[in-house]
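Engineer: Sharing a structure, written as structure tokens. Questions coming.
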Amino acid sequence: LSLLTGYTGQISLGQAAFMTTGGYISALLVNYLEWSFFAALPIAALGAGLIGLLFGLPSLRVKGFYLTMATLAAQFIIPWFTRNAFPKILNGAQGLNVQVPVLFGLKFDTPQRYIYITLTVLIICTIAAYNISRSRLGRAFVAVRDHDLAAELLGVNPFKYKLQAFFLAAVYAGLAGSLAAHNIRHLNSETFNLTDSVTFLGMLVIGGL
């Protein structure tokens with residue numbers, strides 16, 4: 001979310017909805033297709049990124065409060081979809097029981113074991129975000145945030161970079177949603193809700209954009 005809001009200046013209240021997306025994709029792949037959690041994790045991230053891209057499209061036309069309202073739609077549409085679409089697969093409001101990750105016969109079924117997965121993903125994602133912020137992509141994000149018209153005159157395509165920022169933010173949310181779902185072992189439409197999205201934004205504002 002810091003890449004999207006802090007670096008690119010695009011406010012989003014849909015981050016928890018993209019976590020829900022990542023969690024459901026991962027749970028379905030593991031539960032029904034018998035994928036390994038470690039194979040499902042990047043697919044969940046990519047799937048959430050694509051959904052984030054879809055909800056990022058309004059950023060091409062609107063800004064500020066109106067963009068906030070557009071991203072807020074994700075926080076209502078995605079949970080509604082999980083409750084009402086494909087009830088035999090998604091199990092409606094009851095949600096899904098989610099299996100714990102298993103690697104070489106070792107079950108990550110305790111916090112003491114699961115933290116190794118979370119820390120590994122955290123370190124990789126932090127390094128990736130740091131490198132993005134120092135790259136041409138990161139500088140383009142900042143240029144769009146500071147003055148998108150001036151950035152466009154300098155050859156930076158603001159529409160392209162806004163969508164890339166939405167995609168990256170949703171990818172990170174998808175990873176978090178997948179990790180959380182397999183940790184708490186259950187997932188439904190209310191596991192990650194609007195309060196979480198507001199909390200994430202508040203953390204950015206208090207911690208420094």
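The values are calculated or read from the model by the stated rules, or taken from the named source; none is laboratory data. Since this is a predicted model, take the numbers as computed values, not measurements. Virtual Cβ from ideal backbone geometry, glycine too; neighbours counted across all protein chains shown. In case anyone asks, the SASA skips ligands and DNA or RNA and just uses the protein heavy atoms, side chains included. Shrake-Rupley method; radii C 1.70, N 1.55, O 1.52, S 1.80 Å.
Engineer: For the range 8-74, give me every one of the helices (runs of 4 or more DSSP H) that falls completely inside it and has 3 or more residues that are surrounded by 23 or more Cβ atoms within 10 Å (Cβ to Cβ) and of a type outside the set (Lys, Arg).
Structural biologist: Hits in the range 8-74: 15-31, 37-56.
Engineer: Something else about it: Kindly list the number of the only condition in (1) open to solvent by less than 80 Å² (accessible area, probe 1.4 Å); (2) in contact (Cβ under 8 Å) with a residue 60 or more places away in the chain; (3) part of a helix (DSSP H, G or I) that fails for residue 80.
Structural biologist: All conditions are met except number (1).
Engineer: Right, something else. Pick from the range 95-122 the residues that are touching a strand residue (DSSP E or B) at 6+ places or on another chain (Cβ under 9 Å) and buried (at least 17 other Cβ atoms within 10 Å of the Cβ): which of them is nearest to residue 81 (Cα to Cα)?
Structural biologist: The qualifying residue nearest to residue 81 (Cα to Cα) is 95.
Engineer: Return a yes/no flag: does the range 144-157 have any residue that is within 18 Å of the chain's Cα centre (by Cα) and touching a residue at least 60 places away in the same chain (Cβ under 8 Å).
Structural biologist: Scanning the range 144-157 turns up no residue that is within 18 Å of the chain's Cα centre (by Cα) and touching a residue at least 60 places away in the same chain (Cβ under 8 Å).
Engineer: Does any residue of the range 2-13 turn out to be of a type outside the set (Phe, Trp, Tyr), over 10 Å from the mean Cα position of the chain (by Cα) and closer than 21 Å to residue 106 by Cα?
Structural biologist: Looking for residues that are of a type outside the set (Phe, Trp, Tyr), over 10 Å from the mean Cα position of the chain (by Cα) and closer than 21 Å to residue 106 by Cα, one finds none in the range 2-13, hence no.
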